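Worksheet for the structure shown next.
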Amino acid sequence: KDSGVTIFYEHHVKNMRLVDVVVVSSAIPDNNPEIKFAKDEKIPIYKRSEMLNMVMELFPNRIAVAGSHGKTTTSAMTAVVLDHVGLRPSYMIGSDVLNFNHNANLGLGDSFVAEADESDGSFLCLKPNIGVVLNVDDDHLDYYQSMKNVESHFKTFMDAVIQQNGVLVLNRDDQYLNRFLKRLPEGRFIDFGL
């Protein structure tokens, strides 16, 4: 509001005047009046993760922090450390960062830090060249239905980083990630853990 942005607190077709693009969270159902209007008017609709990837692709260093637990904290810590050493990163994180008092910023540096949300599989839309995976747990089984599917999605995420000639940062203390580490070539990962 302070920047002159108009904020609508309810979903209504009248909010859609002068709209060129719609970015939608996975929490918004297809029968939402604004989504229906955008479809009828052929206004491009992007998932939040697709939009996030479009922005990330503008940066040489694309860091995505994934994992069943700890993504917000680790993404925030990564952005704060990069900022502290003068690299002025851009970032989009799922919660306000205490040091910045907001959750997103377009910085002047070469790095973009993103919290990679796995809750609905949308983290697979991201194309990071630095993939941080903290842990793989039986979370969001309403979407995944089984631990096997959870592991398969994380494997796809990690394989995509490697295919882009990227580097993985993996938690050796996590049982699944420790098994995954064993099949990675030297120089393609950094591991951490106790």
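Every number here is computed from the coordinates shown, using simple stated rules; none is lab data. Fair warning: this is a prediction, and the values are worked out from it, not measured in the lab. All Cβ positions, glycine included, derive from the backbone under ideal geometry; neighbour counts span all protein chains shown.
Computed from phi, the 3J(HN,Hα) profile of the range 181-189 under the Karplus parametrisation 6.51, -1.76, 1.60 (θ = phi - 60°) reads 4, 5, 9, 8, x, 4, x, 9, 8 Hz, with x in place of Gly and Pro. In whole Å, what is the distance between the alpha-carbon centres of the range 8-39 and the range 119-181? Result: 31 Å between the Cα centres. One chain, two ends: V55 and I190. Fully extended at 0.36 nm per residue, the span grows by 46.0 nm beyond their Cα-Cα distance. Across the alpha-carbon set of the range 82-138, the Rg to Rh ratio works out to 0.99, Rh being the Kirkwood radius. Between helix 71-84 and the chain there is an angle of about 90 degrees, using the helix long axis and the longest principal axis of the Cα atoms.
Full extension of the chain segment joining L141 with Q164 gains 5.4 nm, where the gain is 0.36 nm per residue of separation less the Cα-Cα distance.
Amide H contacts for G94 (H built 1.01 Å from N in the peptide plane; partners 5 or more residues away or on another chain; cut-off under 5 Å): E115.
Of the trypsin sites (Lys or Arg not before Pro) found in the range 1-90, those that fall in a DSSP loop while having at most 12 other beta-carbon atoms within 10 Å are K1, R17, K42. Dimensions of the chain along the principal axes, based on C-alpha atoms and rounded to the nearest Å, stand at 55, 43, 28, largest first.
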